[in-house]
Amino acid sequence: MTQDELKTQVGIAALKYVTPDSVIGVGTGSTVNKFIEALAGAIARGELKITGAVSSSVASTQLLERYGIPVFEANEVTRLGVYIDGADEIDGEGYMIKGGGAALTREKIVASLADKFICIADESKLVKALGAFPLPVEVIPMASSHIQRRFAAKGGVATTRLKDGKPLVTDNGQHILDVTGLKIKEPLAFELGVNQWSGVLTVGVFAQQKASVCLLGTSAGVKTIEY
Ligand code: 5RP
């Protein structure tokens, strides 16, 4: 099976976590796009009805709206039953690295509103320890150099993510640093520590908002891992 087929498989599998007539949280990325397509298909066939979604990015909002799925602001809801999103890495405890699609801040906000985080990922994302994938960190641009020096002191190399030769600007108007060379042994302590640094908006370690369930796409079918 191709990686694309594995993503399709978990996108479909996530439908069973959607409570009918509820508002759900929706993440960002190519795997989530498969989920949105599966959701739209189920709604069109009359198999599922939802009230709408809270989205974690402009890109996901556009796709949801293209399929006629109502999108609510995060401030319009108090709780969400589920948040469904992908990951760049997920470990055996449900801790994740996210932000490869630059949507980490809104992803963390929507995830924090949800009772359950359903992570959908192909098997390449399952790791023993977090850190091989460059860690995304959303930063206030004027703090970039200072934060790069702080990561250097931890043995990391932080580079500004570029788009068309210029710093990528997130949906929140900020920049992303991608950090290589880190060993993230204690994800919760790491997340809490880096979050305290001046100018850090969001660090892409999801430990406080870790996955409740991972639907892992494998060539032998979807594996469900509960944390
Ligand atoms: C976006 C994310 C994505 O969930 C992550 O990058 C995985 O993306 P994909 O499903 O395309 O592999 O965190 O900010």
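Of all residues in the stretch 130-142, those that are surrounded by fewer than 24 Cβ atoms within 10 Å (Cβ to Cβ) and either among the hydrophobic types (A, V, I, L, M, F, W, C) or not in a loop (DSSP other than H, G, I, E, B) (or both) total 5. For the stretch 37-69, the set of residues classified as charged (D, E, K, R) and within 15 Å of the ligand (Cβ to nearest atom) consists of Glu37 only.
List every residue pair whose Cβ atoms lie under 7 Å apart, where the two residues are 6 or more positions apart in sequence or sit on different chains, the first residue falls within the stretch 190-203 and is farther than 19 Å from Ser56 by Cβ, and the second residue, located anywhere, is open to solvent by 50 Å² or more (accessible area, probe 1.4 Å) and β-branched (Val, Ile, Thr). Correct list of pairs: Gly199/Ile140. Once the stretch 152-189 is narrowed to residues that are of a type in the set (Asp, Glu) and in a loop (DSSP other than H, G, I, E, B), the residue that is surrounded by the most Cβ atoms within 10 Å (Cβ to Cβ) is Asp171. Per the conditions (1) without any contact (Cβ under 8 Å) to a residue 24 or more places away in the chain; (2) within 17 Å of Cys119 (Cβ to Cβ); (3) more than 18 Å from the chain's Cα centre (by Cα), the sole criterion not satisfied by Thr218 is (1).
No other residue among Lys7, Lys34, Lys16 is away from the ligand (no atom under 16 Å from the Cβ), within 20 Å of the chain's Cα centre (by Cα) and at pLDDT 95 or above apart from Lys16. Taking the conditions exactly as written (out of contact with any Gly (no Cβ under 8 Å at 6 or more places or on another chain), assigned to a loop (DSSP other than H, G, I, E, B) and exposed (fewer than 15 other Cβ atoms within 10 Å of the Cβ)), does Ser198 satisfy them or not? Considered against the rule, which asks whether it is out of contact with any Gly (no Cβ under 8 Å at 6 or more places or on another chain), assigned to a loop (DSSP other than H, G, I, E, B) and exposed (fewer than 15 other Cβ atoms within 10 Å of the Cβ), Ser198 comes out as yes. Summed over the stretch 79-129, residues that are outside any loop (DSSP other than H, G, I, E, B), more than 13 Å from the ligand (Cβ to nearest atom) and either within 23 Å of Asp4 (Cβ to Cβ) or touching a helix residue (DSSP H, G or I) at 6+ places or on another chain (Cβ under 8 Å) (or both) total 3.
Scanning the stretch 49-62 turns up one or more residues that are surrounded by fewer than 23 Cβ atoms within 10 Å (Cβ to Cβ) and without any contact (Cβ under 8 Å) to a residue 24 or more places away in the chain. Contact map, the stretch 119-142: residues that are on the phi > 0 side of the Ramachandran plot paired with residues that are among the aliphatic types (A, V, I, L, M) and within 14 Å of the ligand (Cβ to nearest atom), Cβ distance under 9 Å, separation 6+ or inter-chain. Pairs shown: Gly131/Ile97.
The values are calculated or read from the model by the stated rules, or taken from the named source; none is laboratory data. The structure displayed is predicted, hence computed values, not measured ones. We place every Cβ from the backbone using ideal geometry, glycine too, and count neighbours over all the protein chains shown. Accessible surface areas use protein heavy atoms only, side chains included; no ligands, DNA or RNA. Shrake-Rupley method; radii C 1.70, N 1.55, O 1.52, S 1.80 Å.
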